[in-house]
Amino acid sequence: MKPLQSDVPYGMLDLIVLNTLRSMGPLHGYGIARRIEQMAQGSLALNQGTIYPALLRLQQRGWIRGQWGTSQNNRRARFYRITAAGRKQLEAETESWERTVAVVGRLLEGQS
Amino acid sequence: MNRASAFVSRMLGVVTRRRADAELRVEIQAHLDLLTEEYVRQGLSPEDARPAARREFGGVEQIRQVCRDQRGLRVVDTLAQDLRQGVRLLGRNRAFSAVAVLTLALGIGATVLVFSYVTAVLMAAAPVVDMDQLAGVWSDNRSQGEPKAVGLFRPARPEPGARSCDRTA
C-alpha cells in the first residue's frame with residue numbers, strides 16, 4: 001500500500017529547511033531536498049523544486065546565506081548555510097510549533 | 001526588521017534580477033543533473049532518468065516564475081511593463097503621438113508662463129528694504145469707481161510735520 005502522503009503546509013517548509021541546515025551544515029539545494037525526503041521517509045509529498053522559493057525567502061529574511069562553491073564531484077553548486085538570526089528564528093518557530101501541536105492534541109483528545 | 005530586510009532585498013532584486021534569474025537557472029540545472037544521476041544509479045536508463053528527474057522536481061518554469069515574483073516588487077515590474085507598452089503604442093501611432101506631445105507642451109508652457117507672471121508681479125515681495133517706510137499712493141476718483149494705486153514711494157527725507165491724510169475730497 002502506498003504510504004499516506006501529506007502536502008507540506010505553507011510556512012512549514014521554511015522551518016524544515018532551516019532545521020536541516022542547522023543539523024547538517026552547509027548544503028546545496030539537491031542535498032537539502034534529499035535530506036528532507038530521507039527524514040520524512042516517504043510521508044511527505046514534496047516537489048523538490050519547491051525548496052527554491054523557500055530558499056529565496058529565507059535568504060531575503062537573512063536567515064540563511066547562499067554561496068557558490070564546488071560540490072564533491074567538482075560541480076558548481078550553490079551552498080546554503082544558516083545564519084545566527086536563522087538559528088534564533090528556528091528556535092522561536094519550533095517553540096511556537098510545539099505549543100500549537102500540544103494545544104491541538106489536547107483539544108482532539110477531549111473528543112475521543 | 002525582517003520585513004524591512006526582505007523589502008530591501010526585494011528592492012535590490014528589481015535591479016539584480018537578470019543575474020539572479022540566470023543563476024537560478026544554473027542552480028536548477030545542477031539539481032536536475034544530480035537527480036538524473038541518482039536515478040541512473042538506481043538502474044534507470046539515462047533516457048528514462050531525465051524525465052523522472054523532471055517529474056520529481058516539479059515545473060521548472062513555474063518555480064522560476066515564483067522566484068521571479070518573489071525577488072522583484074510586483075508593482076515595479078508591472079509599472080515597467082506598462083511603460084514599455086506605452087512607448088510601443090506611441091511609436092505605432094506617430095501622428096497622434098506628435099499631436100498629443102505638442103498639446104501637452106503648449107499647455108505646460110502656457111501654464112508656466114502665467115504662473116511665473118503671477119508670482120513675480122502679484123506674490124513676490126517688492127525688492128526693497130524697510131517696507132514699512134514706504135508710502136502707498138492711490139488716486140480716488142469717485143466717478144471712476146474703485147481707488148486706483150499709483151505706486152509705492154519712499155519719501156526722500158521724512159518731513160517733520162508729515163502726517164497721513166485720509167481723503168481729500
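The values are calculated or read from the model by the stated rules, or taken from the named source; none is laboratory data. A quick note: this is a predicted structure, and the numbers were derived from the prediction, not measured. Ideal geometry is used to build each Cβ from the backbone, glycine not excepted, and the neighbour counts take in all protein chains shown.
Could you tell me which residue of the stretch A:50-96 is farthest from the other protein chains (Cβ to nearest Cβ), considering only residues that are in a loop (DSSP other than H, G, I, E, B) and among the small types (Gly, Ala, Ser)?
Filtering the stretch A:50-96 for residues in a loop (DSSP other than H, G, I, E, B) gives A:61-63, A:71-75, A:83.
With among the small types (Gly, Ala, Ser) added as a condition, the list becomes A:62, A:71.
Values: A:Gly62: 5, A:Ser71: 8 Å.
Ranking the candidates gives A:Ser71 first.
Out of curiosity, is A:Glu98 touching an Asp or Glu at 6+ places or on another chain (Cβ under 9 Å) and either surrounded by 10 or more Cβ atoms within 10 Å (Cβ to Cβ) or under 30 Å from B:Gln29 (Cβ atoms) (or both)?
Details: touching an Asp or Glu at 6+ places or on another chain (Cβ under 9 Å): no; either surrounded by 10 or more Cβ atoms within 10 Å (Cβ to Cβ) or under 30 Å from B:Gln29 (Cβ atoms) (or both): yes.
So A:Glu98 fails the test.
I want to confirm something. Restricting to the stretch B:5-28 and keeping residues that are more than 10 Å from chain A (Cβ to nearest Cβ) and under 18 Å from A:Gly29 (Cα atoms), which single residue is surrounded by the most Cβ atoms within 10 Å (Cβ to Cβ)?
Within the stretch B:5-28, the subset more than 10 Å from chain A (Cβ to nearest Cβ) is B:11, B:14-19, B:21-22, B:25.
Checking the rest, the ones that are also under 18 Å from A:Gly29 (Cα atoms) come to B:21-22, B:25.
Values: B:Asp21: 15, B:Ala22: 10, B:Arg25: 12.
It comes out as B:Asp21.
For A:Arg75, state whether it is modelled with pLDDT under 90 and either surrounded by 11 or more Cβ atoms within 10 Å (Cβ to Cβ) or under 16 Å from the mean Cα position of the chain (by Cα) (or both). Walk me through it before giving the result.
On the way: modelled with pLDDT under 90: yes; either surrounded by 11 or more Cβ atoms within 10 Å (Cβ to Cβ) or under 16 Å from the mean Cα position of the chain (by Cα) (or both): yes.
So A:Arg75 fits the description; yes.
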